[in-house]
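K.L.:
Before anything else, here's the structure in question.
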Amino acid sequence: MEQQLIDLGIRLAEALAKNTASAVATKIKLIKTKEDDKERINELEEIIQELISDKNELTQIAQAYQQELSAQKISEAELNYITESFIPKLQEFIQASGNNQELMNAMSILAPLVSKETLTIFQLLGFNFKKAIGEPLTEVVQQMILTKLPPNAEMQKMQLEVQLETVKALRNNPKLITKLGNQ
């Protein structure tokens, strides 16, 4: 998300620098010195089109900024849902995972923070819940899942067993080898 904001800032700076008031005034002064009315009109129309295009780009940038900011903001309904549902669900999850002490400690820190008032205050201060809570929580869940999976050597052994069974099946059925070769 931060990279998107940086890119938007760059686009904004480029758009603002492109047609500043002084740059447009200079272009208009140069156009006024030309004698051919049609050429002046065409060049003035080009300036107008550029300004309209820049306005549209600035509008798109503003909308993109708005989307980024609103993506970080939690609505009233979401605040209510989080405060009523999050901690009980998190407790169920921790119990289902075998009462992991690390998770219990994390929950004891997180539980007081999950009140409507606290969330609203933090949000008004610019706190990014997704980055501060969502991403670490995602990492904790990822680590839990990874610890439940068989080790890498075990996975390789399983893959070799599957390959061995495939070779055995092909040896027992020569027609299948011919069929596969024709495809």
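The values are calculated or read from the model by the stated rules, or taken from the named source; none is laboratory data. All of these numbers come straight from a predicted model, not from anything done at the bench. Note that each Cβ is placed from the backbone with ideal geometry, even for glycine, and that neighbours are counted across all protein chains shown.
K.L.:
Right, GLU35: over 30 Å from LEU110 (Cα atoms) and either loosely packed, with under 12 Cβ neighbours inside 10 Å or touching a residue at least 24 places away in the same chain (Cβ under 8 Å) (or both) or not?
P.N.:
Yes, satisfied.
K.L.:
Now a separate question. Quick check: is even one residue across the stretch 74-86 in a loop (DSSP other than H, G, I, E, B), closer than 30 Å to GLN142 by Cβ and not hydroxyl-bearing (Ser, Thr, Tyr)?
P.N.:
yes
K.L.:
Restricting attention to the stretch 106-122, which residues are surrounded by 16 or more Cβ atoms within 10 Å (Cβ to Cβ) and small (Gly, Ala, Ser)?
P.N.:
Hit for the stretch 106-122 is ALA106, nothing else.
K.L.:
Shifting gears a bit: Quick one: ILE94 ticks every box in (1) part of a helix (DSSP H, G or I); (2) β-branched (Val, Ile, Thr); (3) more than 30 Å from THR147 (Cβ to Cβ) bar one, so which box is it?
P.N.:
(3)
K.L.:
Determine, yes or no, whether LEU69 is out of contact with any helix residue (DSSP H, G or I) (no Cβ under 9 Å at 6 or more places or on another chain) and surrounded by 11 or more Cβ atoms within 10 Å (Cβ to Cβ).
P.N.:
Judged against the criteria, LEU69 is a match.
K.L.:
Would the stretch 92-105 turn up any residue that is of a type outside the set (Phe, Trp, Tyr), surrounded by 12 or more Cβ atoms within 10 Å (Cβ to Cβ) and closer than 16 Å to GLU76 by Cα?
P.N.:
no
K.L.:
Residue under question is THR26, and the condition is that it be of a type in the set (Ser, Thr, Tyr), part of a helix (DSSP H, G or I) and either at pLDDT below 85 or in contact with a helix residue (DSSP H, G or I) (Cβ under 8 Å, 6 or more places away or on another chain) (or both); does it hold?
P.N.:
So THR26 fits the description; yes.
K.L.:
Check whether at least one residue in the stretch 38-60 is under 26 Å from GLY126 (Cα atoms), in a helix (DSSP H, G or I), without any contact (Cβ under 8 Å) to a residue 40 or more places away in the chain and not assigned by TED's automatic domain parsing to the domain that holds LEU125, and report yes or no.
P.N.:
Checked against the condition, which is being under 26 Å from GLY126 (Cα atoms), in a helix (DSSP H, G or I), without any contact (Cβ under 8 Å) to a residue 40 or more places away in the chain and not assigned by TED's automatic domain parsing to the domain that holds LEU125, the stretch 38-60 yields at least one hit.
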